[in-house]
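**Q** Pasting a structure below so you can have a look.
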Amino acid sequence: MHRPHLFSRFHLASLAAVLLGAILLSGCTESNPEINDPAAEVQQVPVDASTVVLSIPNMNCPLCSPTVRRALNRVDGVLTVETDSEQREARIHFDATRTDLDSLIAAVEGAGFPSTPTASEADGELPE
């Protein structure tokens, strides 16, 4: 006697797709404290550190900021990274003897986010 399957392959594939979508979208909620905590740990920046602010127009969801921070923190010489998803900017403090602006831009672009410098310590136009 043939017993019908409870779920067809189509139903199982559909269920898997829905679950995967829910898992991926759950990271884009406003409830992630690491992403939305404005009082996140602030690190001391050495006085002789160089600073640059990168404009990152495509940084528009809550998962973008940690992705950009992670990419920049992997660059040797980066001291601190602060991202602002509302302004779509990243402020990077770095040791200019160990890295440079091109390496920082390459790291951000390697994570999928084109960027351009908007200000640096050298030109004295850092937004506060």
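**Q** Pick out the one residue from Asp76, Asp95, Asp102 that is surrounded by fewer than 16 Cβ atoms within 10 Å (Cβ to Cβ) and free of Cβ contacts under 8 Å to residues at least 12 places away in the same chain.
**A** Sole residue among the options that is surrounded by fewer than 16 Cβ atoms within 10 Å (Cβ to Cβ) and free of Cβ contacts under 8 Å to residues at least 12 places away in the same chain: Asp102.
**Q** Can you pull out every residue in segment 60-98 that is β-branched (Val, Ile, Thr) and within 17 Å of Ser115 (Cα to Cα)?
**A** Thr67, Val68, Val75, Val78, Val81, Thr83, Ile92, listed by residue number.
**Q** While we're on this one: Scan segment 64-101 for residues that are within 11 Å of Val52 (Cβ to Cβ) and out of contact with any His (no Cβ under 9 Å at 6 or more places or on another chain) and report the count.
**A** Of the residues in that region, 11 qualify.
Conditions (1) within 13 Å of the chain's Cα centre (by Cα); (2) modelled with pLDDT of 90 or more; (3) not polar (S, T, N, Q), marked per residue:
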| residue | (1), (2), (3) |
| --- | --- |
| His5 | no, no, yes |
| Ala17 | no, no, yes |
| Asn36 | yes, no, no |
| Gln43 | no, no, no |
| Val47 | no, no, yes |
| Pro57 | yes, yes, yes |
| Phe94 | no, yes, yes |
| Thr97 | no, yes, no |
| Ser103 | no, yes, no |
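**Q** For the subset of segment 59-78 comprising residues that are in a loop (DSSP other than H, G, I, E, B) and over 15 Å from Arg91 (Cβ atoms), which member is modelled with the lowest pLDDT?
**A** Step by step, filter segment 59-78, then rank; the result is Pro62.
**Q** Val68 - would you say it is over 9 Å from the mean Cα position of the chain (by Cα) and among the hydrophobic types (A, V, I, L, M, F, W, C)?
**A** Answer is no for this residue.
**Q** Another question, if that's okay. Does any residue in segment 31-56 that is within 21 Å of Ser115 (Cβ to Cβ) come within less than 8 Å, Cβ to Cβ, of a residue that is acidic (Asp, Glu) and at pLDDT 75 or above six or more places away or on a different chain, and which pairs are these?
**A** Listed by first residue and then by second, the contacts come to Ala49/Asp95; Ser50/Asp95; Val53/Glu89; Leu54/Glu89; Ser55/Glu89; Ile56/Glu89.
The values are calculated or read from the model by the stated rules, or taken from the named source; none is laboratory data. Owing to the predicted nature of the structure, the values given are computational and were not obtained by experimental measurement. In this analysis, Cβ positions are derived from the backbone assuming ideal geometry, glycine residues included, and neighbour counts consider all displayed protein chains.
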